[in-house]
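Okay, structure first, notes after.
The values are calculated or read from the model by the stated rules, or taken from the named source; none is laboratory data. The model shown is predicted, which means the values in this text are computed figures rather than measured ones. Cβ: placed from backbone, ideal geometry, glycine included. Neighbour counts: every protein chain shown. In case anyone asks, the SASA skips ligands and DNA or RNA and just uses the protein heavy atoms, side chains included. Shrake-Rupley method; radii C 1.70, N 1.55, O 1.52, S 1.80 Å.
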Amino acid sequence: MNHFSPKEVAQRLGVSESSVKRWLDQGVVPVLRTAGGHRRVSEESLDDLLNQLKTTAGYPRLSVHPGEGEPNGGRGPVAPTRNDSSVVGVPDPLLSWDFARHPEGPPALKEISDGFTEALLLGREEVCFQMADRLVASGFPVATAVDLLATTAMHCLGKRWELGEMAIYQERRACGIVKDLMQRLKQRLPVAKSGPVAIGGTTEGDFYELPTALVELALCERGWQALSLGCNLPVSAFVAAVVEYRPRVLWISLSHIKDEESLVADFNQLAAVIPKETAILIGGRAATDALRPRLRYTSHCDSLRNLAGLADTLMAVR
Ligand code: B12
């Protein structure tokens, strides 16, 4: 039977090695040790972990409250038994949660998400960072933690802005805090020196920085060398960047369309000139069902989870 190192497990699951090591230390699946004391996971346990992630929408059987759910009350890992719903000794609110039907997540997560939104509105950067750290510490992939907290929060703030319940400076400040949070979390990710290259950004007249930065973070977490070139870029800038980076993927985040006719013309001109080795990936609130058929692109992802799946597949077929 094959045995895998945390690094190999991380590559196969598309998560960070530090998350795998944390899950193993929390006794999510049995850990074997080499003579040198290095952690090893059996093929069977790897399959178990994969199934866990599939059934809990990418979240291992862990509690979201730090300290709560420490294996055996902190007395070291508990040997999990199959179909044991309390892998870490306490019922896990995430285990049976249906994220597809209730994307806001279980009350425990909602509590953190609401707290994050309130802190973001009030400009309480440190509180926002702590909340994101709590989710990452409990095993959420970094990009997923930011998506669950920051994307949800920014959508809430948008509604408040629309209702006149939020001042513009609060929105700007919130954008700044989320940008800093993503930079901070990105610095914790292993640097993918040999990963495939991806570049991206937004088109002319689109000043939305967070979506394209979140795509960069999600791809980096999957082992890609990903770089967001930023906002408000004319098509000629994307063409020049493709010549320089020769990326495997070029992503275009569409949040605001200044003029649909010129966007369609420019976009399809771009698709016509970039090499076929470069896949064009689109996403964003403005990549609507009506607009997409008018654009020549390779793939559209409507969520970071789909993006992660595509990124792993493209990485695997290199
Ligand atoms: C912050 C913000 C701004 C800021 C952005 C500043 C900055 N530094 O980024 C600025 C000031 C630019 C702005 C301006 C405007 N805004 Co504004 N803005 C927002 C707000 C509050 C948050 C946007 C955001 O960053 N969300 C967080 C990101 C991470 O989430 P997301 O965009 O949903 O992206 C997710 C997915 O779409 C996907 N995704 C996105 N791109 C891609 C790409 C790929 C490749 C993939 C795989 C996935 C993917 O993944 C992301 C994570 O899940 C939204 C509210 C909202 N509902 O989003 C309003 C909102 C989008 N804005 C709105 C409006 C009206 C405007 C203005 C037109 C206002 C005006 N009259 O001037 C201008 C247009 C400016 C322009 N030309 O771009 C409206 C749009 C209404 C509509 N029906 O379209 C909203 C919904 C507010 C509201 N409730 O009314 N805005």
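Quick one: which residue in R294, R285 is more than 21 Å from E209 (Cβ to Cβ) and outside the structural domain of P141 (by TED's automatic domain parsing)?
That would be R294, the only listed residue that is more than 21 Å from E209 (Cβ to Cβ) and outside the structural domain of P141 (by TED's automatic domain parsing).
Determine which member of the set E216, E261, E244 is in a helix (DSSP H, G or I), under 22 Å from I177 (Cβ atoms) and at pLDDT 95 or above.
When all the criteria are applied, what remains is E216.
Just one of S299, S255, S262, S303 is under 16 Å from D206 (Cβ atoms) and out of contact with any Lys or Arg (no Cβ under 9 Å at 6 or more places or on another chain); which is it?
So the residue among S299, S255, S262, S303 that is under 16 Å from D206 (Cβ atoms) and out of contact with any Lys or Arg (no Cβ under 9 Å at 6 or more places or on another chain) is S262.
Which number in (1) within 15 Å of the ligand (Cβ to nearest atom); (2) among the hydrophobic types (A, V, I, L, M, F, W, C); (3) buried (at least 19 other Cβ atoms within 10 Å of the Cβ) marks the one condition that V235 misses?
It is condition (1) that V235 fails.
So which of R124, R160 ends up being near the ligand (Cβ under 9 Å from one of its atoms) and not assigned by TED's automatic domain parsing to the domain that holds G283?
Just a single option satisfies the conditions, and that option is R160.
For segment 204-231, enumerate the residues that are open to solvent by 60 Å² or more (accessible area, probe 1.4 Å) and within 12 Å of the ligand (Cβ to nearest atom).
E204, F207, Y208, E209
For A174, all conditions in the list (1) touching a residue at least 24 places away in the same chain (Cβ under 8 Å); (2) surrounded by fewer than 18 Cβ atoms within 10 Å (Cβ to Cβ) hold save one; what is the number of the exception?
Only one criterion is unmet by A174, namely (2).
Report the residue count in segment 254-283 for those that are of a type in the set (S, T, Y), within 8 Å of the ligand (Cβ to nearest atom) and out of contact with any helix residue (DSSP H, G or I) (no Cβ under 9 Å at 6 or more places or on another chain).
Residues flagged as of a type in the set (S, T, Y), within 8 Å of the ligand (Cβ to nearest atom) and out of contact with any helix residue (DSSP H, G or I) (no Cβ under 9 Å at 6 or more places or on another chain) within segment 254-283 amount to 0.
Of everything in segment 185-198, what is of a type in the set (K, R) and loosely packed, with under 14 Cβ neighbours inside 10 Å? Give them in sequence order.
R188, K193
Does segment 188-203 contain at least one residue that is part of a helix (DSSP H, G or I) and either at pLDDT 95 or above or within 24 Å of L254 (Cβ to Cβ) (or both)?
No: zero hits.
Looking only at segment 120-154, count how many residues are among the aromatic types (F, W, Y) and in a loop (DSSP other than H, G, I, E, B).
1
Run A271 past the list (1) under 23 Å from L148 (Cα atoms); (2) touching a Phe, Trp or Tyr at 6+ places or on another chain (Cβ under 9 Å); (3) open to solvent by less than 70 Å² (accessible area, probe 1.4 Å) and report the number of the one that doesn't hold.
Exception for A271: condition (1).
From the residues in segment 284-318 that are among the small types (G, A, S) and open to solvent by 60 Å² or more (accessible area, probe 1.4 Å), which one is nearest to the ligand (Cβ to nearest atom)?
That would be A290.
Could you check how many residues of segment 176-200 are near the ligand (Cβ under 10 Å from one of its atoms) and either in contact with an Asp or Glu (Cβ under 6 Å, 6 or more places away or on another chain) or within 26 Å of S262 (Cβ to Cβ) (or both)?
Total satisfying the criteria: 2.
Take segment 162-187 and flag every residue that is part of a loop (DSSP other than H, G, I, E, B) and under 17 Å from the mean Cα position of the chain (by Cα).
Result: Q187, single match.
I'm checking my understanding of the structure. Among residues of segment 149-171 that are among the small types (G, A, S) and crowded, with 18+ Cβ neighbours inside 10 Å, which one is farthest from E209 (Cα to Cα)?
Here the residue is A153.
Taking segment 264-284, which residues are touching a residue at least 40 places away in the same chain (Cβ under 8 Å) and in a loop (DSSP other than H, G, I, E, B)?
G284
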